[in-house]
């Protein structure tokens, strides 16, 4: 059968899944979702299987996040033993395409799923596209946001009439908010993961984006004045640390602990910590809290984001049957259209119909920070970028001492530029 014939058969098979007398298709699934994410995805899989009983069954396995997951996918696909479907970070797609690990999601596939470009934000659609071809179906975007303790900000006079932090529109204004909190006895006005440069890449890249900066331009890292923009981003964070406005040498768990204990009045972290706050609040163990888009420290709003997406491995020597492909497309389409529950993990559903629904509008703080979708920036499109990629490793080496006031931002940028371009 030709590829075109297979695709047409897959569409027909998808339409026919409501019929009777079909053999049940088992879809082998791999993901890297642990913690609250994992709990919620297991529930979605359970719901899918219940809704498709006798037709399609997802057989799911959760593997270790990061490098171990992607290494296993690569080696398994090479010998035809990868799953039928897997979760993937959009930031890793350029490398996967270079490695020949992913199948294209074709126009016929999108038609079969009842989805298309118009269902997703432009930046999200672009993040799963290489040279005009799509290689994944976005499930969400998961940016970083600013969490805040309403009680501490109110006590310092730093809540506006809408119950949000004051000074969110400028560097001077936000620094003044931090200083007011410190003057009012708050130990750490801002909690940040300053002991982990990989994590802080998210914040720093956001601040570079607020200056319309780019990490990579025409294959060159930090070309033109982009090095200066990176130094500006590092400089403001370093200044906050030196002034005692931001926590120093703080790892990820300690940052969350500082915020939830009330020692830090605000925290920059991923939306995936929303369940932590929600659960503590429900148990009566947390203050009044909220989460909003990052402050505009420079010229315009910009926030780093990545996307959890569904991708199809290119299994060498193992061609997918039309029936199997139809089942896989049904899985991806159903998950996208039913991603409201996924939002309880803090993520912003990628499907615009879901985020436009009254049910999503009632979800807080999700609905408040979902406006940042218009200001998202993703990793540069290079095989060197993405979760656990070489760019993260190089920059992390210099971010930690700079953020903690032990290295000059300009000196750090020169070292980063030299090492990145050597890659």
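The values are calculated or read from the model by the stated rules, or taken from the named source; none is laboratory data. If you're wondering where the values come from, they're calculated on a predicted model, not measured in any experiment. Positions of Cβ are generated from backbone atoms using ideal geometry, with glycine treated the same way; all protein chains shown enter the neighbour counts.
Please enumerate the residues belonging to region 369-406 that are free of Cβ contacts under 8 Å to residues at least 24 places away in the same chain and touching a helix residue (DSSP H, G or I) at 6+ places or on another chain (Cβ under 8 Å).
Residues of region 369-406 that are free of Cβ contacts under 8 Å to residues at least 24 places away in the same chain, as a first pass: 370, 401, 406.
370, 401 - these are the residues of region 369-406 that are free of Cβ contacts under 8 Å to residues at least 24 places away in the same chain and touching a helix residue (DSSP H, G or I) at 6+ places or on another chain (Cβ under 8 Å).
From 326, 305, grab the single residue that is in contact (Cβ under 8 Å) with a residue 24 or more places away in the chain, crowded, with 21+ Cβ neighbours inside 10 Å, in contact with a strand residue (DSSP E or B) (Cβ under 9 Å, 6 or more places away or on another chain) and not in a strand (DSSP E or B).
Values: 305 fails: not in a strand (DSSP E or B).
So the residue among 326, 305 that is in contact (Cβ under 8 Å) with a residue 24 or more places away in the chain, crowded, with 21+ Cβ neighbours inside 10 Å, in contact with a strand residue (DSSP E or B) (Cβ under 9 Å, 6 or more places away or on another chain) and not in a strand (DSSP E or B) is 326.
For region 329-367, a tally of residues being closer than 26 Å to residue 296 by Cα and in contact with a strand residue (DSSP E or B) (Cβ under 6 Å, 6 or more places away or on another chain) returns 7. One residue alone among 262, 270, 244 is under 21 Å from the mean Cα position of the chain (by Cα) and in contact (Cβ under 8 Å) with a residue 60 or more places away in the chain, and that residue is 270. For region 130-155, the tally of residues that are in a loop (DSSP other than H, G, I, E, B) and in contact with a helix residue (DSSP H, G or I) (Cβ under 9 Å, 6 or more places away or on another chain) stands at 4. Restricted to region 407-423, and to residues there that are touching a helix residue (DSSP H, G or I) at 6+ places or on another chain (Cβ under 7 Å) and not in a helix (DSSP H, G or I), the residue that is surrounded by the most Cβ atoms within 10 Å (Cβ to Cβ) is 407.
I need the full set of residues from region 65-109 which are more than 17 Å from the chain's Cα centre (by Cα) and closer than 16 Å to residue 33 by Cβ, in order please. Passing the criteria: 68, 72, 73, 83, 85. Being assigned by TED's automatic domain parsing to the domain that holds residue 74, within 22 Å of residue 69 (Cα to Cα) and either at pLDDT below 95 or part of a helix (DSSP H, G or I) (or both) is a condition met by at least one residue of region 341-351. When region 183-197 is filtered for residues that are surrounded by fewer than 18 Cβ atoms within 10 Å (Cβ to Cβ) and either part of a helix (DSSP H, G or I) or without any contact (Cβ under 8 Å) to a residue 12 or more places away in the chain (or both), the ones remaining, listed by number, are 183, 185. Quick check, is residue 173 closer than 25 Å to residue 151 by Cβ, surrounded by fewer than 18 Cβ atoms within 10 Å (Cβ to Cβ), modelled with pLDDT of 95 or more and in the same structural domain as residue 403 (by TED's automatic domain parsing)? In short, yes.
Residues checked against (1) modelled with pLDDT under 95; (2) touching a helix residue (DSSP H, G or I) at 6+ places or on another chain (Cβ under 8 Å); (3) in the same structural domain as residue 130 (by TED's automatic domain parsing); (4) part of a strand (DSSP E or B):
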{"residue": "8", "(1), (2), (3), (4)": "yes, yes, yes, no"}
{"residue": "14", "(1), (2), (3), (4)": "yes, yes, yes, no"}
{"residue": "42", "(1), (2), (3), (4)": "no, no, yes, no"}
{"residue": "46", "(1), (2), (3), (4)": "no, no, yes, no"}
{"residue": "49", "(1), (2), (3), (4)": "no, no, yes, no"}
{"residue": "53", "(1), (2), (3), (4)": "no, no, yes, no"}
{"residue": "59", "(1), (2), (3), (4)": "no, no, yes, yes"}
{"residue": "69", "(1), (2), (3), (4)": "no, no, yes, no"}
{"residue": "74", "(1), (2), (3), (4)": "no, yes, yes, no"}
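Remark: residue 212 matches the filter, which requires a residue to be surrounded by fewer than 18 Cβ atoms within 10 Å (Cβ to Cβ), in contact (Cβ under 8 Å) with a residue 12 or more places away in the chain and within 24 Å of the chain's Cα centre (by Cα).
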